[in-house]
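Notes follow the structure.
The values are calculated or read from the model by the stated rules, or taken from the named source; none is laboratory data. Values in this document were obtained by computation on a predicted structure and should not be read as measured data. Here the Cβ positions follow ideal geometry from the backbone for every residue, glycine too, while neighbour counts run over all protein chains shown.
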Amino acid sequence: KVVVFGSFVVDLTGRTRTLPVPGQTVMGSTFVMGPGGKGSNQAVAAHRAGADVTLVTKVGKDVFGKVATDFYEKEGMNTEYIFVDEEKETGCALITVEEGTAQNEIVVISGACGNITEEDIEKSRALIESSDILLLQLEINFDALYKVIDIAHAAGVTIVVNTAPAAELPAEILKKLDIVTPNETEAQILTGVKIENGDDAKKAAEVLMEKGVKQVVITLGSMGAFAMNNEKYELVERLSVDAIDTTGAGDAFNGGFVMALAEGKDLFTALRYGNVTGALSVTRKGTAPSMPDREAIDRFYAE
Ligand code: ADP
């Protein structure tokens, strides 16, 4: 059983010919609203990949909160642990994309999911303690994140942290983590090692293992993905697909990766499942809606 304790935000994406400069108003062409947030995206990816997953998150008492619950109900996901904040609004990401260049500007307001309280955590304690794998990211308030890590660590739950968005983590937290899954820039922030190839990834992974993380995965975008434990390390190449939209590739990777771990697969097999899930997600537009299902994953995995 997998528990994802993380963020939900509504992605509000507008496209425009040129990004506005401060003080300027520009006309846009299209607008799309959809479910987002790393916690939510990764939970959806794991669910579609076939894992038994429960998402713990928090929304506001507003129409965006309903976007979350409607979406999970449609996906057939458990909505029992979607807490509702009495005051804070549902988180949102204001995304502006420039048409020709695909450059973007993004403002994320975490809102309710940045306001996880002790009470919310106590209500989820039994769920966390009875899970096999807990998957976390760095988009909820850090006091809550550390508390959740403590509970899972004390209960012997396998803790996987996708250290995104990039941030440093204190040594006493890193020691409690079973697996971290940064991308190359996040790994650089955590370790100070600049990553340009597999050798650099190995160096960064060694730094993290010296700090007490048990196993390390580093996603390398178009270079593929890397994993290391205390016995060996391996770099798998990026799979060849028609890439249409790479947003959410990391989220897809993490979802596929924890699904495989939850099924008892070893680190390096899970690395391959993550790599396949990430690759399939870039062949479709969007984030959560572009997550592949188990059938597609198994078909591509077998090829
Ligand atoms: P993030 O989205 O966090 O920056 P990455 O860019 O590292 O994460 O992508 C995560 C994983 O998704 C990669 O390790 C790889 O397995 C897969 N992936 C990403 N981009 C591609 C691509 N263009 N083709 C195939 N697989 C990809």
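For the stretch 192-206, name all the residues that are small (Gly, Ala, Ser) and exposed (fewer than 15 other Cβ atoms within 10 Å of the Cβ). Please lay out each step first, then the result.
Within the stretch 192-206, the first condition is being small (Gly, Ala, Ser), and the residues that meet it are 192, 198, 201, 204-205.
Within the stretch 192-206, just Gly192 meets the criteria.
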Checklist line | Yes/no for Met228 being under 23 Å from Val2 (Cα atoms), at pLDDT 95 or above and over 16 Å from the mean Cα position of the chain (by Cα) | finding: yes
Margin query: Of the residues Val44, Val21, only one is more than 21 Å from Leu138 (Cβ to Cβ), among the hydrophobic types (A, V, I, L, M, F, W, C) and either modelled with pLDDT of 95 or more or out of contact with any Pro (no Cβ under 7 Å at 6 or more places or on another chain) (or both); which?
Written below: Val21
Check: Got a sec? Which strands (runs of 3 or more DSSP E) wholly within the stretch 81-193 have at least 2 residues that are within 16 Å of the ligand (Cβ to nearest atom) and farther than 30 Å from Gln24 by Cβ?
Finding: 133-136, 158-161
Notebook entry, point to check: Restricting attention to the stretch 261-293, and to residues there that are over 25 Å from Asp11 (Cα atoms) and either touching a residue at least 60 places away in the same chain (Cβ under 8 Å) or not in a helix (DSSP H, G or I) (or both), which single residue is nearest to the ligand (Cβ to nearest atom)?
Noted result: Tyr273
Notebook entry, point to check: How many of the residues in the stretch 236-260 are in a loop (DSSP other than H, G, I, E, B), within 8 Å of the ligand (Cβ to nearest atom) and surrounded by fewer than 24 Cβ atoms within 10 Å (Cβ to Cβ)?
Noted result: 7
Item checked: Breaking point among (1) surrounded by fewer than 19 Cβ atoms within 10 Å (Cβ to Cβ); (2) in contact (Cβ under 8 Å) with a residue 12 or more places away in the chain, for Asp143 -> (2)
Notebook entry, point to check: What residue, of Ala43, Ala51, Ala68, is surrounded by 19 or more Cβ atoms within 10 Å (Cβ to Cβ) and part of a loop (DSSP other than H, G, I, E, B)?
Noted result: Ala51
Notebook entry, point to check: Looking only at the stretch 50-77, which residues are farther than 13 Å from Ala288 by Cβ, of a type in the set (Gly, Ala, Ser) and out of contact with any His (no Cβ under 9 Å at 6 or more places or on another chain)?
Noted result: Gly50, Ala51, Gly60, Gly65
Margin query: Yes or no: the stretch 39-55 includes at least one residue that is hydroxyl-bearing (Ser, Thr, Tyr), closer than 24 Å to Ser131 by Cα and without any contact (Cβ under 8 Å) to a residue 40 or more places away in the chain.
Written below: no
Next item on the list: Check whether at least one residue in the stretch 218-235 is over 30 Å from Ala68 (Cα atoms), within 14 Å of the ligand (Cβ to nearest atom) and of a type in the set (Val, Ile, Thr), and report yes or no.
Entry: no
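Looking at the structure I just gave you, is Lys38 touching a Cys at 6+ places or on another chain (Cβ under 9 Å) and surrounded by 24 or more Cβ atoms within 10 Å (Cβ to Cβ)?
Against the criterion (touching a Cys at 6+ places or on another chain (Cβ under 9 Å) and surrounded by 24 or more Cβ atoms within 10 Å (Cβ to Cβ)), Lys38 does not qualify.
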